[in-house]
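The structure appears below as structure tokens.
All of the numbers you see were taken from the coordinates with simple rules; none came from a lab. These numbers come from a predicted model, not from an experiment. Here Cβ is always computed from backbone atoms with ideal geometry, including for glycine, and neighbour counts include all displayed protein chains.
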Amino acid sequence: MVLASGGGRNAWAKEMTIRRRIASIFNKTRDHFPSLKDYNDYLEEVEDLTFNLIEGIDVDVIEAKIARYQQENAEQIYLSRAKRAEDLAAALQASRMNPGKAGTDDTAAGSSQGISGGAGVQQGQYAPAAVPGGLAQPRPTGMAPQPIGGSSVPLQGNDEETMRLRAERGARAGGWSIEMCKRRALQEAFSTIFV
């Protein structure tokens, strides 16, 4: 079930497909292992399998290992998927009950998707939104961007002063200033004197 890459065009899509597939099969958590070293060894083995599948190294051997692992651990895989579905359903329910705030369930669901959450989501950061499809999508929280300096009301009118202010603000937004032009003109003028 490895997808062939079409000349590198879909390398990212291929990698994501493989990573999702492997993560759905090799879904043990830290709680399944007696020591941290055993868990880290498991994660390293999973990453080696994933990398080799992505790069096309020993694909037949790896697919056989995956099939064998699925047969031996079918019950554990099923239970882990069910627990994850329950966690996502709880996060979805919590987000529907309290849409203005991201709860700890949202943070936990986001962490399982690789979105860092920390102790809680602060205003203005991205919070994961649990969706029925099982994937967490980041969504902005907090206030909309505020203008820096000056008023947020656009300049109204067509008089000379308003037109000048619009031109200055537009030039500053583009990184241009009158002083910069003057300096460049002087530099070019004086650099050609002693040629």
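Taking 0.36 nm per residue of separation and subtracting the Cα-Cα distance, full extension of the segment from residue 184 to residue 63 would add 37.2 nm.
The phi torsions of region 185-194, fed into the Karplus equation with coefficients 6.51, -1.76 and 1.60 and a -60° offset, translate into couplings of 4, 5, 4, 5, 5, 7, 6, 8, 5, 9 Hz, rounded to whole numbers, with Gly and Pro shown as x. Charge tally for residue 159 (other residues, Cβ to Cβ under 15 Å; Lys, Arg +1; Asp, Glu -1): -1.
The Stokes-Einstein estimate for region 9-93, based on a Kirkwood radius over Cα pairs and taken at 25 °C with 0.890 mPa s viscosity, is a diffusion coefficient of 173 µm²/s.
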